[in-house]
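Below: one structure, written as structure tokens.
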Amino acid sequence: MAWPGRSAAGQGFCACHVCGLVSRLEQGDLAARCPRCNTRLHFRRPDSLHRCWAFLIAAYILYIPANLMIMMETGTLVSYRKDTILSGVIHLWHNGNPGIAVIVFVASILVPLFKLVVLTLLLVSVRRGSTWGIKHRILLYRIVELVGRWSMLDIFVVTLLAALVQIQSFATVRAGTGAIAFGAVVVLTMFAAMEFDPRLMWDPLRKEREL
């Protein structure tokens with residue numbers, strides 16, 4: 001009989017990771033499928049940590065060239081500039097656009113770094129079976145999921161400027177090679193967050209209560 005505080009998995013309930021339907025699943029039943037969408041059911045997503053680490057390490061590797069390589073090239077009849085993310089922020093700041101500079105700095109440098117650090121923290125805490133700050137870690141995971149889509153701000157800006165400026169014949173805007181690396185970092189961190197199973201953070205706490 002179920003008792004208050006016992007986990008859903010401990011009572012044999014499993015949520016489909018595709019449609020969210022909760023079904024009853026017996027331990028060791030590897031062939032069970034969701035009655036709604038026919039997806040294979042698991043109490044915990046298989047190899048979640050391994051896939052998350054793979055995406056995260058790839059994102060770490062690409063984060064450096066994403067910030068060091070040219071993000072945008074702008075040219076006019078009298079000048080031509082090649083800017084990385086940081087040099088573009090500095091240029092915006094010195095040209096009277098501190099608000100935009102701060103937004104680009106936060107969205108393009110701090111947010112991707114924040115996501116990398118938080119996902120690393122979550123993976124290490126799960127690997128160590130830690131029970132500290134479980135609610136705070138869940139909150140951090142939800143923030144990572146929420147802000148993930150806004151990390152593409154730089155790519156949107158470059159694309160929009162290139163589309164608008166090319167209409168005129170006196171200026172050109174091109175995306176640099178850094179835009180490819182930056183876009184890859186954003187996509188990889190989004191995949192890493194998608195592969196991470198937050199239910200794994202509750203398992204050590206459940207085991208402690210069952211002892």
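The values are calculated or read from the model by the stated rules, or taken from the named source; none is laboratory data. Since the structure is predicted, the reported quantities are computational estimates derived from the model, not experimental observations. Glycine also receives a Cβ, built like all others from the backbone with ideal geometry; neighbour counts cover every protein chain displayed.
A few remarks follow.
- Residue, surrounded by the fewest Cβ atoms within 10 Å (Cβ to Cβ), within segment 49-65, restricted to residues that are of a type outside the set (A, V, I, L, M, F, W, C) and under 11 Å from Leu116 (Cα atoms): Tyr60
Residues are listed down the side, and each one gets a yes or a no for (1) modelled with pLDDT of 90 or more; (2) touching a Phe, Trp or Tyr at 6+ places or on another chain (Cβ under 7 Å):
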{"position": "Val117", "(1), (2)": "yes, no"}
{"position": "Val124", "(1), (2)": "yes, no"}
{"position": "Gly133", "(1), (2)": "no, no"}
{"position": "Val144", "(1), (2)": "no, no"}
{"position": "Trp150", "(1), (2)": "no, no"}
{"position": "Asp154", "(1), (2)": "no, yes"}
{"position": "Leu161", "(1), (2)": "no, no"}
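- Candidate set: segment 9-48, residues that are at pLDDT 75 or above and polar (S, T, N, Q); chosen: the one surrounded by the most Cβ atoms within 10 Å (Cβ to Cβ): Ser48
- Any pair with Cβ under 7 angstrom, 6 or more apart, that starts in segment 179-195 at a residue that is assigned by TED's automatic domain parsing to the domain that holds Leu123 and free of Cβ contacts under 8 Å to residues at least 60 places away in the same chain and ends at one that is buried (at least 20 other Cβ atoms within 10 Å of the Cβ) and part of a helix (DSSP H, G or I): Met190/Gly148
- Failed condition for Met71, given (1) in contact (Cβ under 8 Å) with a residue 60 or more places away in the chain; (2) under 24 Å from Met194 (Cα atoms): (2)
- For Ser79: the one exception among (1) out of contact with any Gly (no Cβ under 9 Å at 6 or more places or on another chain); (2) outside the structural domain of Arg199 (by TED's automatic domain parsing): (2)
- Scan of segment 57-89 for residues that are of a type in the set (Val, Ile, Thr) and modelled with pLDDT of 85 or more, ordered by number: Ile57, Ile61, Ile64, Ile70
- Selection count, segment 122-133, where residues are surrounded by 15 or more Cβ atoms within 10 Å (Cβ to Cβ) and assigned to a helix (DSSP H, G or I): 4
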